[in-house]
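Notes to accompany the following structure.
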Amino acid sequence: MPEQAKKKAAEAKAPEQPIKEMDDYSGPFNPNLQLENLSKKALIKLAKSYSLVALMLHWGWRQCVNEKYGEKVEYAMWKENWLRVGQPYVERMAHAFKITDMNVIGFFKELQLDPFFPMYRFEYTMEIINPNHGIMTVTRCPALLRWEPTGDTKFIELVCSDLEKVCFEKSGQYFHPNLKFNALKIPPRKSPDEIACKWEVTC
């Protein structure tokens with residue numbers, strides 16, 4: 001057998017080397033880096049970072065609009081933005097994670113994965129009463145913790161009673177056209193020991 005053929009045969013028999021997973025990127029530069037090169041620990045870190053970057057970009061454009069056009073325009077554009085993109089990106093998340101429950105269960109599943117409602121920043125519980133009826137209780141809301149010290153209860157109430165209800169409903173209607181998001185308790189609250197908000201979700 002020619003030498004070159006022997007070499008190819010030996011290479012074919014050689015077991016594939018396992019991909020060395022990275023916990024971070026402190027080592028040498030990899031020009032062919034893929035997500036598959038990252039360990040579970042690193043992927044979790046990356047997902048959290050992506051979510052934080054998305055929240056920072058969202059906060060940044062709102063601040064720019066507020067400074068140039070005022071709070072009313074900022075709020076109107078904030079709401080319009082969510083009404084435009086909420087449902088399409090929820091649909092992408094559902095397809096990516098094969099969420100096929102077209103009811104409250106599907107809505108709750110997507111929320112658990114939603115980059116704008118990250119489980120590592122918000123604290124909440126979700127109770128399924130039946131596939132078309134659920135209760136979500138938020139015990140820690142970073143946005144509320146940021147706004148409460150300002151004393152601007154009017155803006156807090158507006159966001160929590162109007163924007164959240166309308167935008168969650170619009171996004172959730174990907175899972176069911178009659179999905180409703182009804183507040184059982186919303187800010188302002190009398191004490192930081194109280195829950196942030198509580199919602200009944202039906203369809």
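Going by the conditions given, is Ala94 out of contact with any Cys (no Cβ under 7 Å at 6 or more places or on another chain), among the small types (Gly, Ala, Ser), within 19 Å of Ser51 (Cβ to Cβ) and crowded, with 18+ Cβ neighbours inside 10 Å?
Yes: the conditions hold for Ala94.
Applying the selection to segment 188-202, what residues are assigned to a loop (DSSP other than H, G, I, E, B) and surrounded by fewer than 20 Cβ atoms within 10 Å (Cβ to Cβ)?
Quick first cut of segment 188-202, residues assigned to a loop (DSSP other than H, G, I, E, B) only: 188-196.
Within segment 188-202, Pro188, Arg189, Lys190, Ser191, Pro192, Asp193, Glu194, Ile195 meet the criteria.
So which of Val85, Val90, Val159, Val138 ends up being closer than 22 Å to Met56 by Cα, in contact with a strand residue (DSSP E or B) (Cβ under 9 Å, 6 or more places away or on another chain) and β-branched (Val, Ile, Thr)?
Residue meeting the stated conditions: Val138.
Pick from segment 123-158 the residues that are modelled with pLDDT under 95 and crowded, with 18+ Cβ neighbours inside 10 Å: which of them is nearest to Val201 (Cα to Cα)?
Cys141
In segment 83-117, which residues are charged (D, E, K, R) and not in a helix (DSSP H, G or I)?
Lys98, Asp101, Asp114
I want to confirm something. Restricting to segment 163-187 and keeping residues that are in contact (Cβ under 8 Å) with a residue 40 or more places away in the chain and assigned to a loop (DSSP other than H, G, I, E, B), which single residue is farthest from Asp114 (Cα to Cα)?
Here the residue is Pro187.
Could you tell me whether Glu67 is more than 22 Å from Ser49 (Cα to Cα), out of contact with any strand residue (DSSP E or B) (no Cβ under 7 Å at 6 or more places or on another chain) and either in contact (Cβ under 8 Å) with a residue 12 or more places away in the chain or outside any helix (DSSP H, G or I) (or both)?
So Glu67 fails the test.
The values are calculated or read from the model by the stated rules, or taken from the named source; none is laboratory data. All figures in this text were calculated on a predicted structure; none of them were measured in a lab. Backbone-built Cβ (ideal geometry, glycine too); neighbour counts: all protein chains shown.
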